[in-house]
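My questions all concern the structure below.
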Amino acid sequence: MSNLLAGLKQHTIIVADTGDLASIQRLRPRDATTPSLILKAAQKAEHAPLIERALRAAGDDPIELALDHVLVGFGTEILRLIDGRVSTEVDARLSFDTRATLQKARRLISLYEAHGVDRTRVLIKIASTWEGIRAAEVLEREGIHCNMTLLFALPQAQACADAGATLISPFVGRIYDWFKKQAGAAWDEAANAGANDPGVRSVRAIYDQLKGGGYATEIMGASFRNTGQILALAGCDLLTISPELLDALASQSGAVPRALPAQRPRIEPRALSAVAFRTQLNDNAMASEKLAEGIRLFVADSLKLQTLLPRVPA
């Protein structure tokens, strides 16, 4: 009998949710991300030469621009190890600035192209704010593909799909965290596991809406806390999974049935206006709180990473 990871791969494309090059080389996923986990990867001694090269390439650029070289340096190295795409994040401090997001995304792509990387192998990772979604709409028309992150609710997913975003990353684990915290001592883990997990239910609703609406936008479940959440989304277009959970799946034998059907009943899509988007997001306390918290955490990680860079000799 095959292991759970092999079974999952029959239904879903697996993405490695790590910036660690050794883990990516070992796991050999099709796609990979360069998330805020780059902060962790940058502190490993084996990555120091990569950072040194990036800082030399940055020259006299201010520190926030030197960070772009580091992200692209990691992304370029990751692309040498995989056959698919890498996601590289726009600075979360730009989450409410469409123009600045456009400038940063174009800069990241130009740095990749200077390394000889075709833009079709890069997904620019942007927070799913209204301003971020508007930037993605423009970028997609320019042939710059986007991965919309910090996505917690259906109106975000709908607006991203309407904008033509290549991929969305709904966050399973952070939704689970919020509902568990709200329930406190009343939380019943068994009753909220697997298909009943609130994060899993959110992704299923997004999957039904977008697939039923005939959108080409890819759906990639993200931010997992346990293997049960992952298996409950078998059949999702992609799942981005940490090395620890990938190893856990590979260590267990068993069959993996498809949890999300390939075909959904037709749903007539309804485009959201800015007012409808903001109203529906505001009405969802979980999504509003987790989006704001996620942006703050991403900003904090970027600032921490910037403090590390001057310590590495250029």
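Within the range 169-179, is there a residue that is closer than 29 Å to Tyr112 by Cβ and open to solvent by 10 Å² or more (accessible area, probe 1.4 Å)?
Yes, the range 169-179 contains at least one residue that is closer than 29 Å to Tyr112 by Cβ and open to solvent by 10 Å² or more (accessible area, probe 1.4 Å).
Go through the range 207-218 and give me each residue that's buried (at least 17 other Cβ atoms within 10 Å of the Cβ) and over 27 Å from Gly254 (Cβ atoms).
Gln209, Leu210, Gly213, Tyr215, Thr217
I would also like to ask the following. Out of (1) modelled with pLDDT of 90 or more; (2) under 24 Å from Pro257 (Cβ atoms), the odd one out for Arg26 is which?
(2)
Sticking with this structure for a sec: Does Leu154 satisfy being open to solvent by 40 Å² or more (accessible area, probe 1.4 Å) and either among the hydroxyl-bearing types (Ser, Thr, Tyr) or under 22 Å from Ala287 (Cα atoms) (or both)?
Yes.
Tell me the residue from Gly194, Gly221, Gly254 that is closer than 19 Å to Leu8 by Cα, in contact with a helix residue (DSSP H, G or I) (Cβ under 6 Å, 6 or more places away or on another chain) and surrounded by 24 or more Cβ atoms within 10 Å (Cβ to Cβ), please.
Gly221
Here is a further query. How many residues does the range 106-123 hold that are surrounded by 16 or more Cβ atoms within 10 Å (Cβ to Cβ) and in contact (Cβ under 8 Å) with a residue 40 or more places away in the chain?
7
Please verify whether Gly228 is small (Gly, Ala, Ser) and open to solvent by less than 10 Å² (accessible area, probe 1.4 Å), treating the condition exactly as stated.
It is false that Gly228 is small (Gly, Ala, Ser) and open to solvent by less than 10 Å² (accessible area, probe 1.4 Å).
Let me ask something else about it. Say whether the condition of being modelled with pLDDT under 90, surrounded by fewer than 20 Cβ atoms within 10 Å (Cβ to Cβ), in contact with a helix residue (DSSP H, G or I) (Cβ under 9 Å, 6 or more places away or on another chain) and more than 26 Å from Ile126 (Cβ to Cβ) is met by at least one residue in the range 2-21.
Scanning the range 2-21, I find no residue that is modelled with pLDDT under 90, surrounded by fewer than 20 Cβ atoms within 10 Å (Cβ to Cβ), in contact with a helix residue (DSSP H, G or I) (Cβ under 9 Å, 6 or more places away or on another chain) and more than 26 Å from Ile126 (Cβ to Cβ), so the answer is no.
Just for the range 29-69: of the residues that are of a type in the set (Ser, Thr, Tyr) and open to solvent by less than 20 Å² (accessible area, probe 1.4 Å), which one is modelled with the lowest pLDDT?
Out of the qualifying residues, it is Thr34.
Can you tell me how many residues in the range 82-98 are surrounded by fewer than 19 Cβ atoms within 10 Å (Cβ to Cβ) and touching a strand residue (DSSP E or B) at 6+ places or on another chain (Cβ under 6 Å)?
1
Check off (1) farther than 28 Å from Ile230 by Cβ; (2) open to solvent by 10 Å² or more (accessible area, probe 1.4 Å); (3) out of contact with any Phe, Trp or Tyr (no Cβ under 9 Å at 6 or more places or on another chain) for Ile144 and give me the number that stays unchecked.
All conditions are met except number (2).
Using the structure shown, decide if Val72 is among the β-branched types (Val, Ile, Thr), within 15 Å of Cys146 (Cα to Cα) and crowded, with 20+ Cβ neighbours inside 10 Å.
When the stated conditions are applied, Val72 does not pass them.
Conditions (1) open to solvent by less than 40 Å² (accessible area, probe 1.4 Å); (2) in a helix (DSSP H, G or I); (3) in contact (Cβ under 8 Å) with a residue 12 or more places away in the chain; (4) closer than 18 Å to Val15 by Cβ, marked per residue:
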| residue | (1), (2), (3), (4) |
| --- | --- |
| Ala234 | yes, no, yes, yes |
| Glu244 | no, yes, no, yes |
| Pro261 | no, no, yes, no |
| Glu268 | no, no, yes, no |
| Ala276 | yes, yes, yes, no |
| Asn282 | no, yes, no, no |
| Lys304 | no, yes, yes, no |
| Leu309 | yes, yes, yes, no |
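The values are calculated or read from the model by the stated rules, or taken from the named source; none is laboratory data. Since the structure is predicted, the reported quantities are computational estimates derived from the model, not experimental observations. Backbone-built Cβ (ideal geometry, glycine too); neighbour counts: all protein chains shown. Ligands, DNA and RNA are excluded from the accessible area calculation, which covers all protein heavy atoms including side chains. Shrake-Rupley method; radii C 1.70, N 1.55, O 1.52, S 1.80 Å.
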